[in-house]
1. Tally time: how many residues in region 228-249 are free of Cβ contacts under 8 Å to residues at least 60 places away in the same chain, part of a strand (DSSP E or B) and out of contact with any Ser or Thr (no Cβ under 8 Å at 6 or more places or on another chain)?
2. Can you tell me how many residues within region 479-489 are over 30 Å from Leu559 (Cβ atoms) and either open to solvent by less than 40 Å² (accessible area, probe 1.4 Å) or under 35 Å from the mean Cα position of the chain (by Cα) (or both)?
3. Filter region 272-303 down to the residues that are among the hydroxyl-bearing types (Ser, Thr, Tyr) and either without any contact (Cβ under 8 Å) to a residue 40 or more places away in the chain or under 30 Å from Ala319 (Cα atoms) (or both) and list them by number.
4. From the list Gly90, Gly120, Gly74, exactly one residue is surrounded by 13 or more Cβ atoms within 10 Å (Cβ to Cβ) and either assigned by the TED database to the domain that holds Glu22 or within 30 Å of Thr382 (Cα to Cα) (or both). Which is it?
5. Looking for whichever is open to solvent by 30 Å² or more (accessible area, probe 1.4 Å) and among the hydrophobic types (A, V, I, L, M, F, W, C) here; the options are Leu367, Leu330, Leu381, Leu351. Which one fits?
6. If Phe173 satisfies every condition in (1) outside any strand (DSSP E or B); (2) open to solvent by less than 20 Å² (accessible area, probe 1.4 Å) but one, which is the exception?
7. Can you tell me which residue among Ser500, Ser445, Ser469, Ser476 is open to solvent by less than 50 Å² (accessible area, probe 1.4 Å), over 30 Å from Val572 (Cα atoms) and polar (S, T, N, Q)?
8. Could you please find all residues in region 283-307 being farther than 24 Å from Thr220 by Cα, open to solvent by 50 Å² or more (accessible area, probe 1.4 Å) and over 37 Å from the mean Cα position of the chain (by Cα)?
Amino acid sequence: DFGRSSELAFVVEPSDDIAVQEQPLILYCQVEGIQPITITWRKNGAMIVDSENAFMLANGSLYVSRFQRVRGDGSSDEGEYDCMAQNHYGLVVSRKAKIQAATMSDFHIHPQNAVVEEGGVARFQCQIHGLPEPVILWHKNSMPVNTDNERYTLLPKGVLQITGLRAEDSGIFHCVATNIANVKFSREARLTVSGSHSTVYKDPMILVGPENLTLTVHQTAVLECIATGNPRPIVSWSRLDGRPIGVEGIQVLGTGNLMISDLTVQHSGIYVCAANKPGTRVRRTAQGSLVVQAPAEFVQHPQSISRPVGTTAIFTCVAQGEPPPQITWLRNGQILETSDHIKLKNNNSTLSIYGINQADEAIYQCLAENSAGSTQASARLTVLWADGLPSPPQGVRAETVSATTIQVSWEKPLQNTKEIIGYVLHIRKAADPVEMEYQEAVSKSTFQQLVTDLEPSTSYSFYIKAYTSRGASKASEVTVVSTLGEVPAMPSLFIKVINSTTVQATWEPSIKLGQHEGFKLYYRKVHLSQYTGPVLLASNITAYNITHLDASVVYEVKLLAYNQHGDGNSTVRFVSLRETVERTVLNPPCDCMKDEQNNKTSTTGIIIGIHIGVTCIIFCILFLMFGYRGRLLMCKNVQEQLSTPQIPRSQRSATGLVLNGATRRDRDDRDLNGKQLDMNELERLFPASPSQEQQEKGITSAHSLSAPHDETQISTLPLDEFSIIEEQPDPLPKKPHGSNPAAPAPNHGPANEG
C-alpha cells in the first residue's frame, strides 16, 4: 500500500501475457478507493467498447472470449492494454500490459551430419523462434536422449554436446520444439564415430565460444564453450573486468559451459572462456557479453499532499532499472504538460506546481518505463481553500528608481481585510522560470517596498498576496518593469614600458559592458591640459601600444569603458620613460677590458684618498709637536691641493705606505734643547722632487699654496715613497721595495701613535 492515494489506487494491475490463438484471455484490474468508481479499458490508447468478443467483468477485469492474432477485418487482439479508474477525486491509469499471440516459426537452423573420431567432441544445434520460448528436446534414433549420461549435455538454446565419443554414440539425431502454440520437428542428422582414439598432439582449440546475450533479471543464462585438443584442454571462465564470477547460482554444464541462475544486474559483463593445455601456458580464449536488464521499479513513490491556495506543491518519484527508466507524469490520466507554474526537474523525478489554485486539485501519476517493463504510482493533490480570505491586493505598481532598485506599491484588498497579518511580495526575473522566484515579507500597514540589489537593464515581474492566519489571498495582477541601464565598471589598467619611445597599455575587460560596448584610451604629457584621443577600441581588444613618446617627460594614460548608457569611470596611470633612457646610458654595451680598467682606477682612487687623509693627520701632529705657527695651514693646504694619482693595481700591491714617526729619543732631544725645525729642514725631511719613473706615469703634480703670508711651493709626494725619516748621524740603509708597510723600520723606536 506504500505510496497509494487513499482516495483511489490500484490493487491489481494487468500484466504482460502471451495469449493462445482462439483461446480466451483475462486481463485483471482491481481498484480501491472512495465509491463510486468507474473502470474502463484501453488498447493502444483507444477506448474498448464492450462487445461479444471483449467485455468487462463485474470485478473490473477484461475478458476476451476468442483471442485472435489477426481478425477478418485486419484488426488484432495483440497490443498494449491498460485500465482506468475514476471517482470524484480524479482518475488513475494502470501500467501498460503487453499482450502477444503465442507463435512458433519453422526451424531456421537444423542439425548437420558429422563424422568425428573416437574420443572427440560432437555438437548438434537447432534453432527456432517462438512465443513463449520453445522448449527443445533431442531424440536419438527416434528416442529421447538419455540426459543421465554425463557425456551428453543439452543446452536451453537447442544445443546438444557429446564429449568423449564412443562407437555406440553413432546414430540419427533430431530435435523437437514445443510451446503452447505448437510442436515442431527438425530434420535428422547422422553422427558417425570413426577410428580409434588418436594419440597425436593437438593444440587446444575452441570450437564454439559464448554468444552475446540480453536477458532479464531472474532468468537463467547459459554461456557455451566447447573446446578440443590432445591432451584434452581444461576450460576455465573469468570476467574481462577482473571481478570474480562468484559461486552462488553458478554451475558448469558438461565440460565447460557456464550457467548462471537467477540473474541480477551485477551479472552483466564480458565473460572470457579459456582452453588451457594441461601443465602449460598454451591457451585459446573466446568471449561474449551478457546484458541483464531490470524492469523499472520505484525507489520513492509520490505522496498525496494538501496545500493552501497560492503555495507550492512538490511530488517526488524516483525509479530505478536497467536501462534507466523514463519517467512520465499524468494528471487525471492525461499526459501532464508543463507551463509557467508547472515544472519538471531532475530527469522528471520532481514535479513542482507553483502558486497552486483549485484547478490544480487532481490525482497525479508517475509512470516509469524501460525496455524490460513499466510501473506506475499515484498521489493526490488537495488544495485547501478557506472562506473569508482576503481578495487580491489592488493597484500594484512598480517604478524604476535606479539601475539596481525598483519601488513597488499597492493598495489593500477590497474584501475581508480585518484578518490580514501581512503581505508577501513575489519577485522574479521575467526571463527566469517560476522556481527562481523569491519573496519579501511586508507588514500589514506597509503598502510599498523598495526592492534593491537588482541587475541593471533587466526586466522583473512582481505580484502581491495578502496573508491571514487561515491562508493567503489569490495573487494580485502581475506587473513587469525594467531597471535602468548602467555604465560599465572601471577596467583594470596596467602600463609596461617597451622602449624609450613606446609604452604598452593592457587591461581586463569589464563584465558589465552591455551592448555596443568598447574602450576609450587617452594620453597626454602631465604638464599639458589637452589629451591625445580618444582612441576607440573594440570590446575584444585588451592591449594597445602608444608610440612616438618623449622620453624626457612623464605621461598620463587614461582608459574607460563605454556602452549605450554612456562612459564609465576612467582608470588613470602615470608613466615615465626617463628611467629607461638613463638605464640605457648607464648600461652601454659591455666593453670588458674598459670596465676592468675603470674598476681598477676607481679602487686605486679610494685607496689613495685614504692615504692622503692619513698624511694630513700626521702633518698636523708634527706641526703641533714642532710648535710651528704655520703647521696647521700647511696641513690644510696639503689636504686640499693633493691630487689623486691613478696608480695601477700592480704597483699598489708592490709598494706600501710607510709612515715612520720620529723616535722617542729625537722627541726627547727636541723637547730638551727646544730645537725648532725651519722650512729648510721640512724640505729636507720631505724632498719635493719625485722620481723620473713616477713623473712619466703622471702620478705627481705641483700645487701652489695660496696663503698670503707664504709663497713657498709645496710638491706632493708619491705615497709609495712617503715616509718620515728620523735624523741619524749616519745615513740609514734604504728600505727594500715591496716590504710590509705595516712593519716598523729596524733599529727604530716605536712609531708615533698619532
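The values are calculated or read from the model by the stated rules, or taken from the named source; none is laboratory data. Quick caveat, the model's predicted, so the values are computed rather than measured. Cβ atoms come from the backbone with ideal geometry, glycine included; neighbour counts cover every protein chain shown. Just the protein is used for accessible areas: all its heavy atoms, side chains included, with ligands, DNA and RNA removed. Shrake-Rupley method; radii C 1.70, N 1.55, O 1.52, S 1.80 Å.
1. The qualifying residues number 6.
2. 2
3. Residues satisfying the conditions are Thr280, Ser289.
4. Gly90
5. Leu367
6. All conditions pass for Phe173, except number (1).
7. Every option except Ser476 fails the conditions.
8. Once the filter is applied, which keeps residues that are farther than 24 Å from Thr220 by Cα, open to solvent by 50 Å² or more (accessible area, probe 1.4 Å) and over 37 Å from the mean Cα position of the chain (by Cα), region 283-307 yields Arg283, Arg284, Ser304, Ser306, Arg307.
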